[in-house]
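Encoded as structure tokens, the structure appears first; notes follow it.
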Amino acid sequence: MVEERRILYEHLDVPDINTFDVFRQYDGYTRFEKAIAEYQPEDIAKMVLDSGLKGRGGAGFSTGEKWSFVPKDIKPCYLCCNADESEPGTFSNRYVLEKNPHLLIEGILICCYAMGIETTYIYIRGEFTLGKKMLDAAIKEAYEQGYLGKDIRGTGLNVDIYSHPGAGAYICGEETGLIESLEGKRGQPRNKPPFPAVEGVFRKPTVVQNVETLCNLPFIIGNGVEWYTQMGPTYADTRFDPPKPDANTGTKLYCISGDVNEPGVYELDLGLTSTELIEVAGGLRGEEVKAVIPGGSSAPILTHYELDTRLDFTSLTLAKSMLGSGGIIVMNETRNIVDCLLNIMKFYAHESCGQCTPCRWGTPWVRDIVQRIADGDGRKDTITRPKFGVAENGRWGDTGETEEIYEDLDLLESVANNIANVDTMTWNTICVFGIAVSWPAVSYMRKFRPEFEATIREGKLVTLPVAEATVPPEENYAYQQRFVPKEFADL
Amino acid sequence: MSDELIQIETPFAFNEENQREFDELIGRYPIKEAAMLPTLHLAQNQTGYITPAVMKYVAEQLEVSVMKVKDVVTFYPMFFEEPVGDYVIRVCHTLPCALRDCKVVLEHLKEKLGTDIASETNLAKGTTADGKFTLMKVECLASCDVAPVIMVNGDLHKNLTPEKVDELLAKLAS
């Protein structure tokens, strides 16, 4: 049985930890004091880079590397904390904001010190009414105690933190969408480059970090890089030649929901398997695991053949999926995958920002196709296809065989792949929302094709037994490692 | 939007408390336009929904065109352009809640309130005749561990069953 390792969540359930005094009793702000007393800003940036901390928001990009892209000579520079937690299946940031907001403020202070930032905006989801209330109270307290404002603790450091409410748009969780929204416009993502690190909010260099990423900083400073790097596995990434070490350090706040007995947030070292995680979360509710979504609803689904895939950044990328935000949704044998896909596609059709044509039109189109299949009106056809082989007359030619084709499944794959192609990893949209749509659409359909076919054939939702519903890995290219062109492998 | 149309509406201005909060807000950003979302939230809290008069007022305060305010209001689902009930009931219906039978909760609410589900373009459809409740479906509320969840104005209600819904409605109606 895997043990929880609580670091970010260690004091979460302490009564009144949201107040300054109690937070102070549990080493609160001592890590920030250590940072300003013992280290230069460059040392901190170096420590974060060495710690191998990867962004916990979804993309999994190295935090230290992101910081290194920020030009030193352009001021002011801004920090945007992404607390717009909207990915279905993710709910770890909400607990930090509601129960331990001072930890986030301490993380922000360390980041601001390292990067020479004076203004931070916390973009908090509009629906987080309680979270915003607690956060605003904590910010106010920190100002009163002299940990925010001008000349903090007599060090000459100035940091201001403002919370900024969103208004219910999923796309504002995308970093450039967040920046547009923060500037008081529609949350429509920008073209990149320029990346926010060079030109972000108010056209100034901007660091955008997730709540969980920032909450890791006090512990990296407090306990040292060595302590941090011993948690989690390091792999040799064989996509590169020679293989590049790829660290998955630290803990992750895994949010597990769906068909488990004790859904919730579990803080564990990176690199455990789905089976282990389900065990930690009180076991499966039901007889058998049918599917696991590993990183929020945008991530490609894992079948019961892939339950031993490690849930970390590298392993999931190699399994043609992603860790994303760490929102794990478990489905048992009673679930119908067509129905689940319909639910997710309704979400994306609703949340497309409408900026790029392939996404604006493609997403509702995909939803309509899945709706049609689920309603029992899925299109199929029996056609005679020229299938070459040894024909009846013993000569090479058209065998005249008939074949049943599922028009809607081909159409689904074609439309989804035209929003974003999941095989080549190229998208026809400005932001990665495109890939977040086509990834689930194509992976569900390819991996659970028998269930889709049965539903179309029978004209009603058919839930097949797990073994029959799933295509085995050796028969389907949906499982294979993502195509990475050699010339891009070094980028 | 012509000026005559706006004149029909009752003019809007922040009350004293909101004006103070707005003055504080505006100082946080290097450009005034950036205060758009918090300002609209303030205005909506005061009036219940965003009328053309509100948009005109916000545009004047932030020194942008009315069209720009309208642009933002229509983009974000949390801003209403029509009157809503005193209690806005948001029912989460995304996958984790769907796996935990949010449909039962939704159907029960529909039956109890005797109303349909509001759509973004037709809020009246989901509002009860007495104007007390508005029922709407929303996407993930980031509380999947305690699914199914609903949000009534700012408050989250967890692990719902039809019985719990009855209790809640009785409490709200009194």
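At-a-glance table
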quantity: Among A:G58, A:I179, A:I74 - extreme Cα towards positive end, dipole of the protein assembly as shown, charges at beta-carbon; calculated: A:I74
quantity: Over chain A, relative contact order from alpha-carbon pairs under 8 Å, at least 6 apart, %; calculated: 14 percent
quantity: Shielding of B:40-50 by partner chains, average beta-carbon count, 10 Å; calculated: 1
quantity: Antiparallel DSSP beta bridges within the stretch A:20-229, percent to nearest 5; calculated: 10 percent
quantity: A:T399/A:T275 FRET efficiency (R0 41 Å; Cβ-Cβ; nearest 0.05); calculated: 0.35
quantity: Square roots of 5 times each gyration tensor eigenvalue, C-alpha, the protein assembly as shown, largest first, Å; calculated: 40, 33, 25
quantity: Kirkwood hydrodynamic radius over Cα pairs of the stretch A:20-229, then Stokes diffusion coefficient at 10 °C and 1.306 mPa s, in µm²/s; calculated: 94 µm²/s
quantity: Cβ crowding within 10 Å averaged over residues, with B:75-82, A:107-114, B:50-57, A:390-397 ranked highest first; calculated: A:107-114, B:50-57, B:75-82, A:390-397
quantity: Protein accessible surface hidden between A and B, which excludes ligands and nucleic acids, total in Å², probe 1.4 Å; calculated: 3700 Å²
quantity: Highest average packing first - A:333-339, B:105-111, B:14-20, Cβ atoms within 10 Å; calculated: A:333-339, B:105-111, B:14-20
quantity: Convex hull volume of the stretch B:3-75 per residue (C-alpha atoms, cubic angstrom); calculated: 81 Å³
quantity: Accessible area expressed per residue, chain B, with surrounding protein chains retained (probe 1.4 Å, Å²); calculated: 47 Å²
quantity: Volume per residue of the C-alpha convex hull in the stretch A:238-332, rounded to whole Å³; calculated: 81 Å³
quantity: Sites A:A236 and A:E468, calculated FRET efficiency, Cβ-Cβ separation with R0 41 Å, nearest 0.05; calculated: 0.65
quantity: DSSP beta bridge pairing in the protein assembly as shown, given as percent antiparallel to the nearest 5; calculated: 55 percent
quantity: Cβ-Cβ FRET estimate between A:D27 and A:S68, R0 fixed at 25 Å, reported to 0.05; calculated: 0.30
quantity: Lysines with Cα under 17 Å of B:K125, excluding same-chain neighbours fewer than 8 positions away; calculated: B:K110, B:K112, B:K137
quantity: Peptide-level mean, for A:323-332, of C-beta atoms on other protein chains within 10 Å; calculated: 2
quantity: Ratio Rg/Rh [Cα only; Rh per Kirkwood] for the stretch A:299-443; calculated: 1.07
quantity: J(HN,Hα) series, the stretch A:130-138, from Karplus relation 6.51 cos²θ - 1.76 cosθ + 1.60, nearest Hz, glycine and proline x; calculated: 5, x, 5, 4, 5, 5, 4, 5, 5
quantity: Carbon/sulfur fraction of accessible area - chain A, other protein chains in place, 1.4 Å, %; calculated: 50 percent
quantity: Average partner coverage of A:182-191, which counts Cβ from other chains inside 10 Å; calculated: 5
quantity: Interchain or long-range residues, amide H under 5 Å from A:N428's placed H; calculated: A:A420, A:N421
quantity: Label point distance in nm, A:Q480-B:N159, each placed 7 Å from Cα along Cα→Cβ; calculated: 4.8 nm
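The values are calculated or read from the model by the stated rules, or taken from the named source; none is laboratory data. Keep in mind that this is a model prediction, so the values were computed, not measured. Methodologically, a virtual Cβ is constructed for each residue, glycine included, from the backbone with ideal geometry; neighbour enumeration extends over all protein chains shown. SASA here: full protein model, heavy atoms, side chains in, ligands and nucleic acids out. Shrake-Rupley method; radii C 1.70, N 1.55, O 1.52, S 1.80 Å.
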